[in-house]
Every structure is written in C-alpha cells, then in structure tokens.
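The values are calculated or read from the model by the stated rules, or taken from the named source; none is laboratory data. Keep in mind it's a predicted model, so treat the numbers as computed, not measured. Cβ placement follows ideal geometry from the backbone for every residue including glycine, while neighbour counts extend to all protein chains displayed. Calculation scope for accessible area: heavy atoms of the full protein, side chains included, ligands and nucleic acids excluded. Shrake-Rupley method; radii C 1.70, N 1.55, O 1.52, S 1.80 Å.
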Amino acid sequence: MEQLNKYKIEFSRELNSIKSQSDLDSLQIKYLGRKGIVNSLLQSIDKLRQEERKEFGKKVNDLKTSINQLIDAIRQELLKNAGPGEFIDVSLPGKKYPRGSLHLATYAIEEISKIFQKIGFIRMSYPEVEWEHYAFDSLNMPKEHPARDDFETFFIDAPEHEKYGKMVLTPHTSSGQLREMQRVKKPPVRMINIAKCYRPNWDTSHTPMFHQFEGMVVDKEINITHLKGTIDYFAKEFFGAKREIRLRPFHFQFTEPSFEVDITCGICSGTGVTRNLQGSVKCRLCKSGWLELGGSGMIHPNVLKAVNIDPEKFSGWAFGIGVERVIMMKEDLKLDDLRIMYENDIRFLEQF
Ligand code: PHE
C-alpha cells in the first residue's frame, strides 16, 4: 500500500513535467506498459495476505483507470497546442485562408496596358508631383491663361522653381506628353501613360485622387483617322465589339483641333431609349445614346515646339481618359457613387 501511494505521488509529479508527446509516450509505457509499474503492482498481489488482496487489487485498478484518463487528457491538450513539427494529424481538414485580390482600379489599369501594348504602345508612369511647367506652361497654357481654371489644382507648399514654376499634384496625365517627348528626343513616340491625378473635387462622380490613361503618338504623317481608329480599337477591346465611338468638336489649349470622345451607351446600345412595362422610356444612364469618355486632339504645334520637335515635319495626337470612368461604364458595373472605390470597404472590394 505504501508503495502504491508512493507511485501515485510520483506519477502526478512526472505528469506535471510533461512537455511533449514523446515525454507522454514514455510515461505511459513506464506506468501502463507490459513490464510497467501498474502490472508489477498487480503481480505483487501474490505476496499479500488473502484479506488484503481485494482492497489492494481495487486500488491498483483505480490507479490504472485514473492514469489512463489523465494521460488521455494531457494527450488532447498537447495535440491542441502542438507546434510545427511536433505532431501532424494528416486527417484534419486544412485551414482556409481568405483569398486577397487586387483593387479594381489595378485590374483595369492592367487590362488597359495590355490592350495598348498589343498595338505597340510603351507603358509609362510619369510623376504624381509635377512642375507647373509640365502640367500647364508647355502645354500651351501660360501663367494667367483662364484655361488653367478647368484643371483645378492642388499646389505643393514648396519654393517655386525659376524655370519650372510651382510644384503641383499633377491634375492630368497630359504632363507626361512633354516628358515622354523629351525622353525619346526624336519621334516616333507611341506611349500610354497611366498615372494618378489629383483635383480638389469630392462628389458622387469625383474623388480628389483618380487615374487617367493618356495615349500619345507622334510621327510623320499622323492624322485624326489614326486617333479615331485607336480609340475605337480600345473601346471594342475594353467594352465589347458592339460599342461605337465618335469625336465631338471641343476645345483644349494643347490640342488643335480638339475633340471630346463619346462612346455608345451600354445600357440602351446607343439608342437613348430603353423599354419597360410602360413602354419606351429615356435611357436612365445616357439620355441621348452617348456617354462621354474623355478628351483628345491633334497635338498643338506649340507643344511640339516646346520640346524641339518640328511641327512642319512631325504631327501627333493625344487623348486622356479617366480610369474610374471606364470602370463605371463597363456594362456590368453600374456604380451610383464613384467614391465607394476608395472608401476601402472590404465588402465592396472583395467582389472583384
Ligand atoms: N488632359 C485632358 C483632361 O484631363 C484630356 C486630354 C488629353 C485632352 C489629351 C486632349 C488631349 O481633361
């Protein structure tokens, strides 16, 4: 009996110092194995007097049961906390990690880049923080020109440069036109500049930060048909083969002639009317069959001159289109508030 009590105490002590599955295995063998302590206790029963045997036998069996239970319990505990390499239960179902995705603007930018790369345009990204010189002056919009008001601008609180003027958050990708012509020095130029742009507007269709993509071609004998053909190709690749585009006369300082680019509406297929139970109604999205896509035109001779390209020898065109705008216009995405794109609400973002 004394022996039995001694083992009981020893077992609890040993159980408390268990650190791993293998510690536990050894302990189990030590006590419950064929030549283990419990069995040797049971064998020693012969040495006892008849009247002691029953009680001793019961005590040993109780000990065996509680050792079994304790070892089982500790084993479960260890399994739960098993660190790497300690124990791998290959039958457990795997952990599922939530799958991330890119921002929908990033997907659109990738798609736009690919569409233009297929026809030989080089993808560029020009600075977000820009000099007035590139954003305005050399785009034929000198200091006090009222056209600058159309491009409301964030100014950077930094000293003015004597040649390049103030620092701004670039309000449009057109500033990349000059930079690209300076980079290649001599035409041909064929680039697509996709970058962040900034204007201080905040409403259902404007965020202070947005993206534009600017296409530009400069070479010998470049004309409007190339401009129209290129935008038409983009529209069909990005929106679908049924979409048509048109150029509508407009004004920009840095292009002459200038156009706004329109695309047929995806909801009414360019008819301006949709049918519902009451009959034909005006299309709720476009009203006239056309949606405005962006600005474009033949590069103004003054802009070519600003980077020492002879407008008598070379001509070119450019267009600038909003990335968020084309995302919204994709037929299957009718956002009624553009700002949701940058509110970082995971419930919106994870749908893309
Ligand atoms: N930069 C003009 C805008 O942001 C768009 C444009 C680009 C117009 C290129 C003509 C040529 O509105």
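Here the simple spin-label model places points 7 Å from the Cα toward Cβ, and for residue 248 and residue 62 these points are separated by 9.5 nm.
Non-local amide H neighbours of residue 272 (under 5 Å, H modeled in plane, Pro and chain starts lacking H): which ones? Those qualifying (amide H under 5 Å, at least 5 residues apart or on another chain) are 289. Can you give me the relative contact order of the range 148-301 as a percent, contacts being Cα pairs under 8 Å and 6 or more apart? Relative contact order comes out at 14 percent. Backbone phi angles across the range 253-259, fed through the Karplus curve with coefficients 6.51, -1.76 and 1.60 (θ = phi - 60°), yield HN-Hα couplings of 5, 9, 9, 7, x, 10, 9 Hz in residue order; Gly and Pro are listed as x. Entry for the chain at q = 0.07, 0.10, 0.15 Å⁻¹: log10 I(q)/I(0) = -0.50, -0.70, -1.25, Debye formula applied to identical alpha-carbon scatterers, no solvent contribution. Among 178, 304, 78, the residue with the largest mean-square fluctuation in a Gaussian network model of the chain, with springs joining Cα atoms closer than 10 Å, is 78. For residue 128 and residue 288, a Förster radius of 30 Å and the Cβ-Cβ distance give a FRET efficiency of 0.30, rounded to the nearest 0.05. Between residue 241 and residue 152, the distance separating the two model label sites (each 7 Å from Cα on the Cα→Cβ line) works out to 4.3 nm. Sequentially through the range 195-204, phi angles give Karplus couplings (6.51, -1.76, 1.60; θ = phi - 60°) of 8, 6, 10, 9, 9, x, 10, 8, 8, 4 Hz, Gly and Pro residues having no value and appearing as x. Cysteines in the chain lacking any other cysteine Cβ under 4.7 Å from their own Cβ: 197. Over the range 173-320, the ratio between the Cα radius of gyration and 2.2 N^0.38 Å evaluates to 1.20.
Extending 7 Å from Cα along the Cβ direction at residue 271 and again at residue 76 yields two label points whose distance is 6.9 nm. Legend: calculated FRET efficiency, residue 97 to residue 50, from the Cβ-Cβ distance at R0 = 51 Å, rounded to 0.05, equals 0.15. Bridging of residue 196 to aspartates and glutamates at a Cα separation below 17 Å is possible for 110, 111, 128, 130, 132, 152, 180, 214, 324, 343, once same-chain residues fewer than 8 apart are set aside. In the elastic network of the chain, a GNM with C-alpha springs shorter than 10 Å, the most mobile of 69, 253, 177 is 69.
Structure remark: mean-square fluctuation, Gaussian network model of the chain, C-alpha springs under 10 Å; the largest value among 281, 189, 323 belongs to 281. Ellipticity at 222 nm from helices only: DSSP H runs of n ≥ 4 in the chain, each -39500 (n - 2.57), divided by the residue count, give -11000 deg cm²/dmol. The alpha carbon centroids of the range 269-290 and the range 18-57 are separated by 89 Å.
Roll a 1.4 angstrom probe over the protein heavy atoms and tell me the percent of accessible area of the chain that is carbon or sulfur. The nonpolar share, carbon plus sulfur, comes to 52 percent.
When only Cα pairs below 8 angstrom with a gap of at least 6 residues are kept, the chain shows a relative contact order of 14 percent.
Normalising the average separation of contacting C-alpha pairs (under 8 angstrom, six or more residues apart) by the number of residues puts the relative contact order of the range 2-81 at 29 percent.
Compute the angle between helix 50-81 and the longest alpha-carbon principal axis of the chain, please, reported from 0 to 90 degrees and rounded to the nearest 10. With rounding to tens, the tilt is 10 degrees.
Taking every DSSP bridge with both residues inside the chain, close to 95 percent are antiparallel.
Anything over 29 Å Cα to Cα? Flag those among 143/228; 8/95; 58/80; 185/228, in the order listed. From the list (143/228; 8/95; 58/80; 185/228), the Cα-Cα distance tops 29 Å for 143/228; 8/95; 58/80.
Taking a ≥ b ≥ c as the square roots of the eigenvalues of the Cα gyration tensor, the range 121-217 is classed as oblate, since a/c reaches at least 1.5 and a/b does not exceed b/c.
Spatial offset of the range 297-352 relative to the range 132-169 amounts to 20 Å, using the alpha carbon center of each. Listed values for the range 213-221 are Karplus-derived 3J(HN,Hα) couplings in whole Hz (6.51 cos²θ - 1.76 cosθ + 1.60, θ = phi - 60°), namely 10, 10, x, 8, 10, 10, 6, 6, 6, and x replaces Gly and Pro. Between 0 and 90 degrees, the angle of helix 175-184 with respect to the longest Cα principal axis of the chain falls at about 90 degrees.
Principal-axis analysis of the Cα atoms of the chain puts helix 224-239 at an angle of about 20° to the longest axis.
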